[in-house]
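Participant: Here it is, the structure, as structure tokens.
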Amino acid sequence: MEKEKQFKYAVSAAGRINLIGEHIDYCGGKVMPAALSLRNTVYIRPNGSDRINLAWTDLPARISLEIGRLNDYRKVKYADYPAGVAYVWQQAGHKLIGCDILQDCAVPFGSGLSSSAAIEVSTMVALATVAGETPDLRQIALLSQKAENEYCGVNCGIMDQFASAMGKKDHAILLDCKTLDYEYIPLDLGDYELVIANCNKPHALVESKYNERRAEVERALELLQQVYPSIGCLADLTPDLFERAKHVLSGKILDRATHVVYECARVAEAAEALKAGNIGRLAQLINASHDSLSKLYEVTGREPDALAYAARTQEGCIASRMIGAGFGGCTISLVEKGRTDAFRENVGRAYREAVGYDASFYDTSIEDGVSITKLS
Ligand code: GLA
């Protein structure tokens, strides 16, 4: 860590889990993410030039960005995300100064734990901090999402960046993705704890499938607006209203919309269950979320299903579901305290037998989203 000490600030931002509320952030729904101890750290110092020099602890690449032409790095591997946030920050009227940046990412890539949001948020906060600004973290979340959407071409919702920027130690965030109102709920799971497992599926084609789902729910919304012209998003529909109008939908479009409407209802109930300490009910809702993502939204696939269902057969495990975009990535499970070692061993074995390779398990905790440390 000698090298890191030569920097002026260490700024980190978190990866995230999501308790419940999957594939509904871009439908105006409420979600319930929490920030992790797995994070991306940006070491930064001013360099007196007109360039942002990028280096990585785990990559040999060294890339220098000219502050005057930040729009030009959209297709540059590794640099596109940092360049995107620098560009969007600058376009929003903020000052950038020449600096050296070392990126150190402890959020596993492609895991569904949002390494990209952690990189975006930490880089943007670092750029602001080194230029003498105290950034507004809500604005950082929105601008990071803008960078991912418009610069990097990934059409994600707001959940990941918001959790990474605004997460609070030992709390879940109940975030309304339509209004951006939010509430912190203590993540007190009683006799249970969360276990995060990665199914390690290689080469998941997440982006194209993700965009396909977005197009499907946009189509569903258009059709439902013929019945309810005043709705602005699918989350505006209660299950009752939806049941009365769903005859205008069919096939996959009906399945996708059914997931969204009922997942929104599950989040509302899950928030109440968590606040009331009713972990049994929360567990049922988490399981129902996975089953709906598997059967109606079709974003799980063989590996996430194998991992979640192997988990649920273990003694002491009352819930398991995939999180994030899906098609691979991680699951969260609610496991009785004191049984997690046996859980990991047994699920690990069952998964290997079902799929042919190993799952990974992470030791992590729920932490604040952003941390800024002055080093020198
Ligand atoms: C990805 C996206 C989020 C959200 C989830 C699914 O993580 O970045 O915006 O849509 O998938 O809930």
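Read the figures in this text as sums done on the coordinates, not as results from a lab. Only a predicted model underlies this, so the values are computations on that prediction, with no experimental measurement involved. Every residue, glycine as well, gets a Cβ built from its backbone with ideal geometry; the counts of neighbours run over all protein chains shown.
Participant: List the lysines whose Cα sits under 20 Å from the Cα of residue 295, skipping any in the same chain fewer than 8 residues away.
Facilitator: 201, 209, 246, 252
Participant: Comparing 316, 348, 338, which has the greatest mean-square fluctuation in the GNM of the chain with Cα pairs linked when under 10 Å apart?
Facilitator: It is 338.
Participant: Once the other residues with Cβ under 12 Å from the Cβ of residue 212 are scored (Lys, Arg +1; Asp, Glu -1), what is the net sum?
Facilitator: Working: positive: 209, 213, 214, 219, 252, 256; negative: 207, 216, 218, 298.
Combined, the nearby Lys, Arg, Asp and Glu give +2.
Participant: In cubic angstrom, how much convex hull volume per residue do the alpha carbon atoms of the chain span?
Facilitator: In the chain, the Cα convex hull volume per residue is 140 Å³.
Participant: Between 266, 45, 281, find the one with the highest GNM mean-square fluctuation for the chain; connect C-alpha pairs within less than 10 Å.
Facilitator: Checking each option, the largest mean-square fluctuation is seen for 281.
Participant: Give me the compactness ratio for region 125-217, meaning the Cα radius of gyration over 2.2 N^0.38 Å.
Facilitator: 1.33
Participant: Next up: Once you have the alpha carbon radius of gyration of region 192-362, what is it after dividing by 2.2 N^0.38 Å, with N set to its residue count?
Facilitator: Ratio of Cα Rg to 2.2 N^0.38 Å: 1.12.
Participant: Moving on. Say each of residue 276 and residue 230 gets a label point 7 Å from the Cα, pointing the same way as Cα to Cβ; how far apart are those two points in nm?
Facilitator: With each label point 7 Å from Cα toward Cβ, the separation is 3.0 nm.
Participant: Once amide H atoms are built 1.01 Å from N in the peptide plane, which residues 5 or more positions from residue 192, or in another chain, come under 5 Å H to H?
Facilitator: When sequence neighbours closer than 5 places are left aside, the close amide H contacts are 337.
Participant: Taking R0 as 51 Å, what's the FRET efficiency between residue 8 and residue 244 from their Cβ-Cβ distance, rounded to 0.05? Can you show the working numbers first?
Facilitator: Details: r = 59 Å, r/R0 = 1.17.
Efficiency, from the Cβ-Cβ distance: 0.30.
Participant: Continuing with this model, one more query. Check cross-link reach from residue 337 to the lysines: straight Cα distance under 23 Å, and skip same-chain residues fewer than eight apart.
Facilitator: Partners within reach: 168, 169, 275.
Participant: Which chymotrypsin sites (Phe, Trp or Tyr not before Pro) in region 255-360 sit in a loop by DSSP (not H, G, I, E or B) and have at most 16 other Cβ atoms within 10 Å of their own Cβ?
Facilitator: 357
Participant: If the chain between residue 342 and residue 64 were fully stretched, how many nm would it gain, using 0.36 nm times the residue separation less the Cα-Cα distance?
Facilitator: Values: separation 278, 0.36 × 278 = 100.08 nm, distance 4.78 nm.
Answer, rounded to one decimal: 95.3 nm.
Participant: Picking from 113, 294, 180, whose Cα lies most toward the positive end of the charge dipole for the chain (charges on Cβ: Lys, Arg +1; Asp, Glu -1)?
Facilitator: It is 113.
Participant: In region 82-127, what chymotrypsin sites (Phe, Trp or Tyr not before Pro) fall in a loop by DSSP, with at most 16 other Cβ atoms inside 10 Å?
Facilitator: In loop regions of region 82-127 (DSSP not H, G, I, E or B), the sparsely surrounded chymotrypsin sites (Phe, Trp or Tyr not before Pro) are 109.
Participant: Which residue, chosen from 270, 362, 343, occupies the Cα position most advanced towards the positive end of the dipole of region 192-362, where the dipole is computed from +1 (Lys, Arg) and -1 (Asp, Glu) charges on Cβ about the Cα centre?
Facilitator: Positive-end residue among those listed: 343.
Participant: Could you calculate the contour length gain from residue 57 to residue 37, that is, 0.36 nm times the residue separation minus the distance between their Cα atoms, to one decimal place in nm?
Facilitator: Computed gain between residue 57 and residue 37 is 5.4 nm.
Participant: Neighbouring Cβ atoms within 10 Å as the yardstick, rank 144, 289 fewest first.
Facilitator: Numbers: 144 33, 289 28.
Going from least to most buried by this count: 289, 144.
Participant: Would you kindly state the longest site-free stretch of the chain, with sites defined as GluC sites (Glu not before Pro) in a DSSP loop (not H, G, I, E, B) surrounded by at most 15 other Cβ atoms within 10 Å?
Facilitator: Looking at the chain, 134-314 is the longest stretch - no exposed GluC sites (Glu not before Pro) with at most 15 other Cβ atoms within 10 Å.
Participant: Work out the length of the dipole vector of the chain about its Cα centre, built from +1 on the beta-carbon of each Lys and Arg and -1 on the beta-carbon of each Asp and Glu, and round it to the nearest 20 debye.
Facilitator: Taking the Cα centre of the chain as origin, the dipole is about 560 debye.
Participant: Still on this structure: Across 5 Å bins from 0, what is the distribution of all Cα-Cα pair distances for region 246-296, in whole percents?
Facilitator: 5, 22, 26, 18, 14, 8, 5, 2
Participant: Describe numerically, in nm with one decimal, the distance between label points set 7 Å from Cα along Cα→Cβ at residue 254 and at residue 47.
Facilitator: About 5.9 nm separates the two model spin labels.
Participant: Whole-Hz Karplus ³J(HN,Hα) for region 287-293, in order, using 6.51 cos²θ - 1.76 cosθ + 1.60 and θ = phi - 60°, x for Gly and Pro?
Facilitator: Running phi through 6.51 cos²θ - 1.76 cosθ + 1.60 with θ = phi - 60° gives 5, 5, 4, 4, 4, 5, 5 Hz.
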